[in-house]
Amino acid sequence: MDALDKRKRYDFLVPLERGARGQTTEKVEASLRAAIVALDFAPGEFIDKGSVCAALGVSRFPVSEALTRLAAEGLVEILPQRGSRAARIRLPEIRESMLIRRALEGMVAEAAATRLSPAAIEALRGNLEAQQESVARGDRPGFYALDLEFHTILVEGLGMPRVAAVIDASRANIDRVRRLLSSPRRHAVTLAEHRELFRALEVHDAPAARRAMEAHLEAVVEELERFSVEHAEVFVQA
């Protein structure tokens, strides 16, 4: 749970460079979204607007507007007379998002077994080698990025932009969950699951590829259910 330790200062927010006019709110929104997903703001933690303004070097208006937009995404809760906070994670939404991902990515894996190019297969092989190195080093941020890349290679390798868009749309809160579950043990298990999927892709076994992907994502859901019982303060059950 070290990722949930509260920060006294917002030094994880990088001051914005002065860009084109009219883009400040978008940049603030992107910065805050990244911080929430990375758990720099813990689920349920209040976000001090003044501190955000000071850290990013902006006025209060773009911060307020960015928080409103993030509230529409479900990443922020705006409480009248109390302020804004990083939203706690809603388990029903996560279950629904994982159901969508399991269905879509299962079909993606099945199609990839017969349609993925040799270049994409080699890209996956290189990614798995890098994952192994990250596990050996205990590099949590590095493994997180490689995990995302592994799944991206599969979808992009099939040239399915609309499928990719649907999967990406469900990722923000799921990515917070993945960071919550991040641990050396989870990374080693994930690597083993990715290798199982890769073996099926390499021999063009479509049913096995689908089963491997579905089992991989189902394992995340099962671990989340256990974690949510132990850390109920982070979640909203209904």
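The values are calculated or read from the model by the stated rules, or taken from the named source; none is laboratory data. Keep in mind that this is a model prediction, so the values were computed, not measured. Don't worry about glycine lacking a Cβ; one is built from the backbone with ideal geometry, like all the others, and counts go over all protein chains shown. Each accessible area value is taken on the protein alone, full model and side chains, heavy atoms only, with ligands, DNA and RNA left out. Shrake-Rupley method; radii C 1.70, N 1.55, O 1.52, S 1.80 Å.
Details
- Elements of type helices (runs of 4 or more DSSP H) in segment 123-219, at least 2 residues being in contact (Cβ under 8 Å) with a residue 12 or more places away in the chain and more than 24 Å from GLU96 (Cβ to Cβ): 140-157, 184-202
- Residue that is modelled with the lowest pLDDT [pool: residues in segment 123-144 that are open to solvent by 50 Å² or more (accessible area, probe 1.4 Å) and among the small types (Gly, Ala, Ser)]: GLY138
- Residues (over 13 Å from LEU181 (Cα atoms), surrounded by 17 or more Cβ atoms within 10 Å (Cβ to Cβ) and small (Gly, Ala, Ser)) located in segment 209-229: ALA209, ALA212
- Filter result for SER64 (surrounded by 14 or more Cβ atoms within 10 Å (Cβ to Cβ), in contact with a Lys or Arg (Cβ under 8 Å, 6 or more places away or on another chain), more than 22 Å from VAL177 (Cβ to Cβ) and at pLDDT 90 or above): yes
- The residue pairs whose first member lies in segment 39-55 and is of a type in the set (S, T, N, Q), whose second member is exposed (fewer than 15 other Cβ atoms within 10 Å of the Cβ), and whose beta carbons are closer than 8 Å, counting only pairs six or more residues apart or on different chains, are SER51/ARG9.
- Count of residues meeting criterion [crowded, with 20+ Cβ neighbours inside 10 Å and of a type outside the set (A, V, I, L, M)] in segment 41-53: 2
- Top-ranked residue of segment 90-122 - restricted to ones that are part of a helix (DSSP H, G or I) and basic (Lys, Arg), ranked as most open to solvent (accessible area, probe 1.4 Å): ARG115
- Residue within segment 68-83 that is of a type in the set (Gly, Ala, Ser), part of a helix (DSSP H, G or I), open to solvent by less than 50 Å² (accessible area, probe 1.4 Å) and over 30 Å from GLU223 (Cβ atoms) present: no
Results for (1) under 24 Å from LEU91 (Cα atoms); (2) among the charged types (D, E, K, R); (3) open to solvent by 30 Å² or more (accessible area, probe 1.4 Å); (4) out of contact with any strand residue (DSSP E or B) (no Cβ under 9 Å at 6 or more places or on another chain), shown as yes or no for each residue.
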| position | (1), (2), (3), (4) |
| --- | --- |
| HIS151 | yes, no, no, yes |
| VAL155 | no, no, no, yes |
| ILE167 | yes, no, no, yes |
| SER170 | yes, no, no, yes |
| ARG179 | yes, yes, yes, yes |
| ALA192 | no, no, yes, yes |
| PRO207 | no, no, yes, yes |
